[in-house]
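Read-outs: derived from the displayed coordinates by stated rules, not from any lab. Predicted model, so just to flag it, every value in this text is computed and none were measured. Because the Cβ atoms are built from the backbone with ideal geometry, glycine has one as well, and the counts that use them run over all protein chains shown.
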Amino acid sequence: MPELTAANHEQVVQACQTNLASIGQSLNQCFDTTFQLALEIPQAYSQLGDVADFNGPGLIVGFEVGATAMLCAIPANLPIPDWSEHPDQGQRSRLQSLAQEWSFHCLPDDLAGDNFVARVVPHLGEFITAASPVEAAMCQPIRADAAENAPGALIWLIWPVSRVPAASEAPGLVAPAATAGGLAETDLPARDLSAYARLRNLPVPVIVKLAEKKMELGQLLAIGPGAIITFEKPCEDLLDLYVNNHLYCRGEAVKIGEKFGIKVCETGSVQSRASAIAAMESRSA
């Protein structure tokens, strides 16, 4: 399986260049801004020296790629939204969508991100150090300029790092780490937390249901190439996402590059999602 290493930095830079407009679109949709992005010259992380942007707070967007990970460090002077420090459910979903979309846009086609993280940290440099960049780690600065010609700021892509530190490993984190579905570890009831920890890396089927209907057997037998089956569900209705046959969330279909995705718009209660996790535990036992 392909891995994210310093050796494939040219492929990562090429992916960022090719998808730069999409990277900017994801950022602007999340932050409600109009930044224009431009790639700076990539360089080895070990040669950065003292970076002023890393000496203060900011937003970390990260995702694992196999045994390593990529970090996207966004300093507070970008600026990042005030709500990112204490996001509500909808805002947390925005941040998670940003992490997922950037994994598509910043990685070559043969690499896929997982375990997405988006959280505010009080000190970017300390967090990056805790992530343990590998000896030959690379850095790709991306300049973000506001449309009204205000001073620009840099977004820093750093890869590969050994891991994305959990909230419990880095004291002072403002926002809890969340899973790709927007459910934070600290949101789980205490009785389900241990089950969550055991099942965190267990692959589970995720099914998105477009619509359903009943048909007569004769109609089914008459179906052939070119047949069109209509459903009563309006096109603008949200799609249902099921985990372990439990309704987990609802969202709208989106196009991410050349791939299909679902942007989460509604989630169930913490209790209902914890029940889906508990069902996974009983099934894996």
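Ranked highest first by the average count of other Cβ atoms within 10 Å around their residues, in what order do 75-87, 224-236, 99-111, 127-139 fall?
Values: 75-87: 16.6, 224-236: 7.5, 99-111: 20.7, 127-139: 18.8.
Result, highest mean Cβ count within 10 Å first: 99-111, 127-139, 75-87, 224-236.
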Apply the a/c threshold of 1.5 to the C-alpha gyration tensor of region 49-107 and tell me whether it is rounded, prolate or oblate. oblate
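With a 10 Å radius around each residue's Cβ, average the other Cβ atoms per peptide and rank 7-18, 23-34, 210-221, highest first.
Numbers: 7-18: 16.4, 23-34: 18.1, 210-221: 8.9.
The packing order, highest mean first, is 23-34, 7-18, 210-221.
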Which of the lysines could a cross-linker span from residue 259 if the Cα-Cα distance has to be under 20 Å and same-chain partners fewer than 8 positions apart are dropped? 209
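Calculate, for residue 7 and residue 44, the FRET efficiency according to 1/(1 + (r/R0)^6) with r their C-beta to C-beta distance and R0 22 Å; round to the nearest 0.05. Intermediate results must be reported in sequence, preceding the final value.
Working: r = 13 Å, r/R0 = 0.57.
For residue 7 and residue 44, the calculated efficiency is 0.95.
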Excluding residues fewer than 8 places away in the same chain, name every one of the lysines whose C-alpha is closer than 19 Å to that of residue 213. 233
